[in-house]
């Protein structure tokens, strides 16, 4: 194989060539699978894959002997292969200084030997590498083996060229380009599959250069999160229902300017699947006639601060001047609660007060902007000032805001990103600060976190897990297992706690620790919560039909269920549907959820309590306002956290806390159940203290409904008997 000479010019030409093959994500391609399999057999290599490389990531395709996910491209050997003119051989990756900082994915960390041949298009664009690896270091790759690897790389390019040609024919079949209207088409993934010349002219793109790119290329970076989310949702609805809609968006011209457009959407069926089509109209002249919109484009009339467009422009100018600014993104902690409880007028007053206080915390050359909602941003002249600036802001926000007759306490979470010597774009810097802000919120709020590349990898892992969860939900892979709750002393089963599990097709049964945080951030979490209520009621009715004695069934609530407004109705509808006694059903809330909820949000619990449903406080004693919680939340039962039960025999303080909880429960007329009982001695001392109920491994782990029935009937743990 003769490798074409590399083309000169910016990297975006190479990226455009890569995207034209429509392989920016992993795909099932039988032709490529055959090539990688033959490569492995021919060279005696246990792992073979095709790496396609964009501006940030190595995108594995058609893997043989290994399953790989996208990986940051920094210091990866396939990046050097792509840039070379011949096969690159590395005897031992672990001893080669060029690759010691590479972030190898888990399946590759045990491998030593590496070789790769570049993938080069007929135009000379380098788009990736054909890679092989072996466990044994310092393997010798003979001349004919190198030629074989190069030949298989050529076959990969032939297959990609064939796929691109077939796709192009399928896309334009039956479509001409005579229209004066600007038209484009996207697939369900949001990638452009057709664009006519009128659209390319309107948006400033060269003929054919938009094909295969994400629709993001016509949405300004500052608006992508909102506009693309809306567009994707509309696209899904349109493809599902076969109906079109007309929407307005802000479009991005190739030269960086922005202008308003109107999209008339429709759905067309093609041999490649459904496509969302859009006729685009430039409505700049119409929008310019509205003076209110023009005023809003210049600044934020509510806050008086700079808006997102002005912030981006200043940040871009600073970076182009080779300065090293810092970006701080700030979110108000508790703003939604103020809005919900005191009304939007007070919420607007709070935003205006924040807009006054923030500039007083920083120097005059710091740009303060309002991005909308409770989001603010600062651009510091020097990134080295970020920590001291954030400290001053956090200190200033410890003081309350006096808004008319109301005194409001809100905090801040801050994420920071610093421009370094390397090239960085405004969008990248703001995105990095946003990842740091997410970490600040995760770490408990009211703090500063500075961006670290680890956060980007964590964000990718979260997105991957959430995508996997979406598939799992459709496939019905979430299941409920049940842990027995017993009467101490008699060991009679009096109830069960429903616990969520994920029956993963590859990783087996997953406990909540592996996916719960991703699920809680997933848009479908409220629907999952409703399903848990429905399924646990259905199972309780099934046990009743099987002549098992009555069991109390407890379910854990997600925080979003309290805010949904339908919790009480969801529970009562399920109980009525299966003709269950409300007294046999219990919902569990954690102190953290209860403490973050205002009195209005707690109303559904009050309604359920009034109708006979039990309310339990989970992990009691681990929060920071337990006594006030007992006053606010309508409770039936306290659950003593396993951390206290674990050391009850040896820890004087743990035993004292348990006695205090039991005493408080008695004063308030509440029942108590202890979690995490694993040894008979723990049960004995808890009984002596006056605790009457418990659960833990001593009585049984979480189990399937069938195992619960067998346990109660005496076919499982003989220590237990039915009540």
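Every read-out reported here was derived from the displayed coordinates using simple, explicitly stated rules and does not represent laboratory data. Just so we're clear, the structure is a prediction, and the values are computed from it rather than from any experiment. Cβ: placed from backbone, ideal geometry, glycine included. Neighbour counts: every protein chain shown.
Starting from the Cα-Cα distance between residue 506 and residue 428, subtract it from 0.36 nm times their residue separation and give me the gain in nm to one decimal. Spell out each step's value before the answer.
Numbers: separation 78, 0.36 × 78 = 28.08 nm, distance 3.45 nm.
Difference between extended and current length: 24.6 nm.
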What is region 15-116's relative contact order, in percent, from Cα pairs under 8 angstrom and six or more apart in sequence?
21
Specify the inter-centroid distance of region 60-78 and region 385-403, based on alpha-carbon positions, in whole Å.
44
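Could you please rank 253, 205, placing first whichever residue has the fewest other Cβ atoms within 10 Å of its Cβ?
On the way: 253 14, 205 20.
Starting with the residue having the fewest Cβ neighbours, the order is 253, 205.
For 644, 697, which order do you get if you count the other beta carbons within 10 Å of each Cβ and list the fewest first? It would help to have the intermediate numbers written out before the result.
Details: 644 22, 697 12.
By the 10 Å Cβ count, ascending: 697, 644.
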Between residue 603 and residue 667, how many nm apart are label points set 7 Å from Cα along the C-beta direction?
3.1
What does a probe at residue 443 reach in region 388-412, counting residues whose amide N is under 19 Å from the point 7 Å along Cα→Cβ?
388-398, 411-412
Return 664, 379 ranked ascending by Cβ neighbour count within 10 Å, so the fewest neighbours appear first.
664, 379
For region 297-451 the mean separation of alpha carbon contacts under 8 Å (6+ apart) over residue count, i.e. relative contact order in percent, is 29
List the relative contact order of region 663-704 as a percent without decimals, with contacts defined as Cα pairs under 8 Å and 6+ residues apart.
43
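At 0.36 nm per residue, and after removing the present C-alpha to C-alpha distance, how many nm does the segment from residue 477 to residue 650 gain when stretched out fully?
Values: separation 173, 0.36 × 173 = 62.28 nm, distance 4.13 nm.
Fully extending the segment from residue 477 to residue 650 adds 58.1 nm.
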Taking R0 as 30 Å, what FRET efficiency do you get between residue 456 and residue 95 from their Cβ-Cβ distance, rounded to the nearest 0.05?
0.60
Could you work out how much longer the chain between residue 632 and residue 399 gets when fully extended? Use 0.36 nm per residue separation minus the Cα distance between them, nm to one decimal.
81.3 nm
